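J.: Submitted below is the structure of interest, expressed as structure tokens.
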Amino acid sequence: MKIIFMGTPDFALPSLKRLFDSRHNIAAVVTTPDKERGRGQKVTFTPVKEFALSNNIPVLQPEKLKDENFIISLKEFNADLFVIVAFRILPREVFTIPAKGSFNLHGSLLPKFRGAAPIQWALIRGEKETGLTTFALAEKVDTGNIYYQEKIEIDDGDNFGTLHDRMSELGAEVVLKTVEMVESGNFSLMEQDGSKASPAPKITKEIQEIGWNRPAIEIHNLIRGLSPYPGAFFYHNEKLIKVYTSRLSEVKLNPGEIKQTKTDLYIGCSEGTLQILELQQEGKKRMHTEEFLRGYIF
């Protein structure tokens with residue numbers, strides 16, 4: 001089949017590569033516009049664009065998805081199917097173009113964790129499993145009928161980084177399987193049960209900030225869900241300190257109380273205590289606790 005692939009970050013790359021290596025034809029990719037980053041304001045490309053350019057795949061980078069010229073360009077490719085992985089919200093004018101429709105890969109077992117950050121929220125909520133879903137695009141975000149789902153276990157040692165990487169690789173297989181289903185016509189769409197839906201909103205500074213008046217297990221899961229990016233944090237002596245790794249401890253402390261030794265750091269919560277294993281003071285590098293404590297006194 002002739003496919004147009006839409007995506008932006010690293011999460012989308014395994015799916016794009018898997019389709020590119022298959023017998024299907026990637027007619028073009030659509031990704032977000034280039035950005036200027038860093039002190040030198042150097043222009044950087046998205047991971048999807050870099051792969052496309054290195055493999056001579058045409059690239060479209062619309063500022064506005066309803067732009068008439070962009071829509072005309074899409075139609076001229078005469079693609080059979082649009083595949084979307086970690087991209088923007090598409091208007092009806094776009095996702096209804098191909099004859100076989102458009103489907104999206106989402107990082108949860110829909111209708112659970114609808115929204116921008118499903119992998120993070122599965123960890124923050126302490127889930128033991130999550131998964132990937134491909135679904136037909138609809139007007140309302142993440143509500144379309146489901147093509148296919150694949151479960152994945154969440155290990156106790158997983159954080160956002162490790163789970164993200166495993167899911168992106170599994171997602172590539174889910175995407176290819178869905179493309180094959182669409183091509184064969186041998187599928188039946190499953191309607192989502194909206195009564196079982198839960199939100200996975202964008203991660204904000206308010207969500208990132210640790211409140212020590214919460215149970216230790218909740219804070220531990222927050223840290224896992226935001227590590228290594230964007231990071232859970234707390235303030236100490238007006239300094240922002242990010243926490244990347246923690247574990248539950250039997251040490252008895254009051255909420256917010258800190259116990260420091262030469263090598264270890266413990267902070268009390270409303271229920272239980274956390275041992276902090278990796279952290280970073282604003283403006284400095286990430287360190288294991290023993291190294292961090294050589295230059296910082298709580």
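The values are calculated or read from the model by the stated rules, or taken from the named source; none is laboratory data. Keep in mind that this is a model prediction, so the values were computed, not measured. Cβ placement follows ideal geometry from the backbone for every residue including glycine, while neighbour counts extend to all protein chains displayed. In case anyone asks, the SASA skips ligands and DNA or RNA and just uses the protein heavy atoms, side chains included. Shrake-Rupley method; radii C 1.70, N 1.55, O 1.52, S 1.80 Å.
J.: Hey, can you tell me all the residues within the range 268-297 that are within 17 Å of V251 (Cβ to Cβ) and over 29 Å from the mean Cα position of the chain (by Cα)?
T.: The answer is G268, S270, E271, G272, E290, L293.
J.: Right, another one. When you go through (1) open to solvent by 10 Å² or more (accessible area, probe 1.4 Å); (2) without any contact (Cβ under 8 Å) to a residue 40 or more places away in the chain one by one for K151, which number turns out not to apply?
T.: The failed condition is (2).
J.: Further question: For the range 254-298, name all the residues that are more than 17 Å from I223 (Cβ to Cβ) and touching a Ser or Thr at 6+ places or on another chain (Cβ under 6 Å).
T.: Looking only at the range 254-298, we keep the residues that are more than 17 Å from I223 (Cβ to Cβ), and these are 254, 257, 259-263, 283-285, 290-291, 293-298.
Within the range 254-298, just E290 meets the criteria.
J.: Scan (1) under 24 Å from V174 (Cβ atoms); (2) within 24 Å of the chain's Cα centre (by Cα); (3) not in a loop (DSSP other than H, G, I, E, B) for the single condition A27 breaks and write down its number.
T.: (2)
J.: Which of the residues belonging to the range 262-290 are assigned to a loop (DSSP other than H, G, I, E, B) and in contact (Cβ under 8 Å) with a residue 24 or more places away in the chain?
T.: To start, the set of residues in the range 262-290 that are assigned to a loop (DSSP other than H, G, I, E, B) comprises 262-264, 269-272, 282-286.
If the condition is that a residue be assigned to a loop (DSSP other than H, G, I, E, B) and in contact (Cβ under 8 Å) with a residue 24 or more places away in the chain, then K262, T263, D264, C269, S270, E271, G272, E282, R286 are the ones that fit.
J.: Only one residue in F5, F11 is of a type outside the set (G, A, S), in contact (Cβ under 8 Å) with a residue 24 or more places away in the chain and part of a helix (DSSP H, G or I). Which one?
T.: Values: F5 fails: part of a helix (DSSP H, G or I).
After applying the criteria, what remains is F11.
J.: Can you tell me which condition Y229 does not meet? The list is (1) out of contact with any Pro (no Cβ under 9 Å at 6 or more places or on another chain); (2) open to solvent by less than 20 Å² (accessible area, probe 1.4 Å); (3) within 20 Å of A12 (Cα to Cα); (4) of a type in the set (S, T, Y), and all the others hold.
T.: (2)
J.: Looking for something among the aliphatic types (A, V, I, L, M), closer than 24 Å to P228 by Cβ, assigned to a loop (DSSP other than H, G, I, E, B) and open to solvent by 10 Å² or more (accessible area, probe 1.4 Å) - is there at least one such residue anywhere in the range 85-105?
T.: Our first condition is that a residue be among the aliphatic types (A, V, I, L, M); within the range 85-105, this holds for 85-86, 89-90, 94, 97, 99, 105.
After this cut, where a residue has to be closer than 24 Å to P228 by Cβ as well, the list is 85-86, 105.
Imposing the further condition that a residue be assigned to a loop (DSSP other than H, G, I, E, B) reduces the set to 86.
Right, trim to open to solvent by 10 Å² or more (accessible area, probe 1.4 Å) and you get 86.
Taking every residue of the range 85-105 in turn, at least one turns out to be among the aliphatic types (A, V, I, L, M), closer than 24 Å to P228 by Cβ, assigned to a loop (DSSP other than H, G, I, E, B) and open to solvent by 10 Å² or more (accessible area, probe 1.4 Å).
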